[in-house]
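The values are calculated or read from the model by the stated rules, or taken from the named source; none is laboratory data. Just so it is clear, the model here is predicted, and its values are computed rather than measured. Methodologically, a virtual Cβ is constructed for each residue, glycine included, from the backbone with ideal geometry; neighbour enumeration extends over all protein chains shown.
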Amino acid sequence: MTTQEEIFDSPTSWVAEHIRGYVETDGEKGHRWRGVDTLLLTTRGRKSGKLRRTALIYGRDGDRYVVVASKGGAKGHPSWYLNLVENPEVEVQAGADKFTARALTAAPDEKPRLWALMSSIWPDYDSYQARTERDIPVVVLERIAAG
């Protein structure tokens, strides 16, 4: 990903507004949202090749960041998740901290622990899982060392 490329923010208006405030204030506005921490995730579109950015609630597992591909319990996975499955190198901004990461779907043996972590942060994840037949993925974002 290059910094010269245009980044396309979520087409959902309230998410785009959240992202705009986050970017304009270098994370001062928007990092905390409804009492939880959020990050900005930029993926490369699997069809368009364009950079796509969204805001997500996150948790921490040691040095790793954890997000949930819930899409509110919708039938299909969110586009950002499908994008990172295709190209797992992503850009992350958590507060003012910006870094490149490798995105990995949590392995079956670690998912229950990470799901419990994330549902303790945002209890609605449990109701999202209850309303869909798909197994909602938990994604781990591991920082890629610079250089």
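Restricted to the range 87-113, and to residues there that are farther than 16 Å from Leu56 by Cβ and touching a residue at least 60 places away in the same chain (Cβ under 8 Å), the residue that is surrounded by the most Cβ atoms within 10 Å (Cβ to Cβ) is Thr100. Among residues of the range 60-71 that are of a type in the set (Asp, Glu), those with a Cβ under 8 angstrom from a residue that is modelled with pLDDT of 95 or more, sequence gap 6+ or separate chain, pair up as Asp61/Leu114; Asp61/Leu117; Asp61/Val140; Asp63/Glu142; Asp63/Arg143. When we screen Arg64, Arg60, Arg46 for residues that are modelled with pLDDT of 95 or more and touching a helix residue (DSSP H, G or I) at 6+ places or on another chain (Cβ under 8 Å), the only hit is Arg46. Of everything listed in (1) touching an Asp or Glu at 6+ places or on another chain (Cβ under 7 Å); (2) modelled with pLDDT of 95 or more; (3) more than 12 Å from Val140 (Cα to Cα); (4) among the hydrophobic types (A, V, I, L, M, F, W, C), the single unmet condition for Ala94 is (1). Residues in the range 84-127 that are part of a helix (DSSP H, G or I) and of a type outside the set (A, V, I, L, M, F, W, C): Glu86, Lys111, Pro112, Arg113, Ser119, Ser120, Asp124, Tyr125, Asp126, Ser127. Among residues of the range 114-147 being under 12 Å from Ala74 (Cα atoms) and among the aromatic types (Phe, Trp, Tyr), the one that is surrounded by the most Cβ atoms within 10 Å (Cβ to Cβ) is Tyr125. Among the numbered conditions (1) modelled with pLDDT of 95 or more; (2) surrounded by fewer than 16 Cβ atoms within 10 Å (Cβ to Cβ); (3) among the basic types (Lys, Arg), the only one that Arg53 does not meet is (2).
Taken over the range 1-36, the criterion of being of a type in the set (Asp, Glu) and either surrounded by fewer than 14 Cβ atoms within 10 Å (Cβ to Cβ) or under 24 Å from Val85 (Cβ atoms) (or both) is satisfied by Glu5, Glu6, Asp9, Glu24, Glu28.
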